[in-house]
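One structure is given here, and the rest of the page talks about it.
The values are calculated or read from the model by the stated rules, or taken from the named source; none is laboratory data. Predicted model only: the values in this text are computed from it and were never measured. For neighbour counting, all protein chains shown are included, and Cβ atoms are generated from backbone atoms with ideal geometry for every residue, glycine included.
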Amino acid sequence: MNISLIKMITICLVFTILSCNKKEKDRIVHQVVAEEYVVIRDVATLQTSDDPISNHIDSILSGLINSTIISTGQKGLDLNGDEFADLYFEIIDLNPYNPNGLPSHFDSLAARSGSSSVQFLDNSTWHYADALNKNGLINENQYWSSDNVVLGTFMNSGQFNGHGNKYLGIRIPNGNDYNYGWIKLYCSEHNDTLKILEFAYNENISNSIFAGQTE
């Protein structure tokens, strides 16, 4: 066989092998959200506020709404721009779920997230979502919860409350696999304030992503 032809075939084979082994470049979708949900339980303060959350809670405390549950309501987050919420966040009052009452030194509010499709990184396996630091790895080799997850609750049992800005790991169904991503959150020490700051996910199916990665 011609030596030049052999060299050409060898170069082509090497190029093919290298191309196959090269990881597909990450394609990251990133968006700043900057939403803040605050639960205020002082009626006088609520009456001077005109935002939907304050009006909702004010109506409950004033008896206009026949409910004992103080809640921000479920605030949806659209990840893929199709105008449908993929997941939600909520602050609720735990007192109605504890008929014997909570000790006075306990915070009665809890912040949580849920979805009918998106799953949450929950290596506790007890529905207390992981609060990741920046550059924390998010991939398939971890425990994922398809149920509601707690972000913050009494006795600092949640992993987010009082710890500053942290990252919630998520994975979004895509066919028979998932897109992996994160949501940057802030949950106050007493769970009365929840900020959704930004989110990102890897458009490449099944590829991992680092918390805070934007490109």
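Overview of values
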read-out: Any hit, segment 135-144, residues being surrounded by fewer than 15 Cβ atoms within 10 Å (Cβ to Cβ), of a type outside the set (Val, Ile, Thr), touching a residue at least 60 places away in the same chain (Cβ under 8 Å) and part of a loop (DSSP other than H, G, I, E, B); value: yes
read-out: Some residue of segment 123-131 being polar (S, T, N, Q), part of a loop (DSSP other than H, G, I, E, B) and either closer than 22 Å to Ile91 by Cβ or in contact (Cβ under 8 Å) with a residue 40 or more places away in the chain (or both); value: yes
read-out: So Ser19, is it at pLDDT 60 or above and of a type outside the set (Asp, Glu); value: no
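Residue-wise test of (1) modelled with pLDDT of 90 or more; (2) not in a strand (DSSP E or B).
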| site | (1), (2) |
| --- | --- |
| Gln31 | yes, no |
| Asn55 | no, yes |
| Thr68 | no, yes |
| Ala85 | yes, yes |
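A quick yes/no check of all residues on (1) part of a loop (DSSP other than H, G, I, E, B); (2) surrounded by fewer than 17 Cβ atoms within 10 Å (Cβ to Cβ); (3) under 12 Å from the mean Cα position of the chain (by Cα); (4) not aliphatic (A, V, I, L, M):
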| site | (1), (2), (3), (4) |
| --- | --- |
| Gly158 | yes, no, no, yes |
| Pro173 | no, yes, no, yes |
| His190 | yes, yes, no, yes |
| Leu194 | no, no, yes, no |
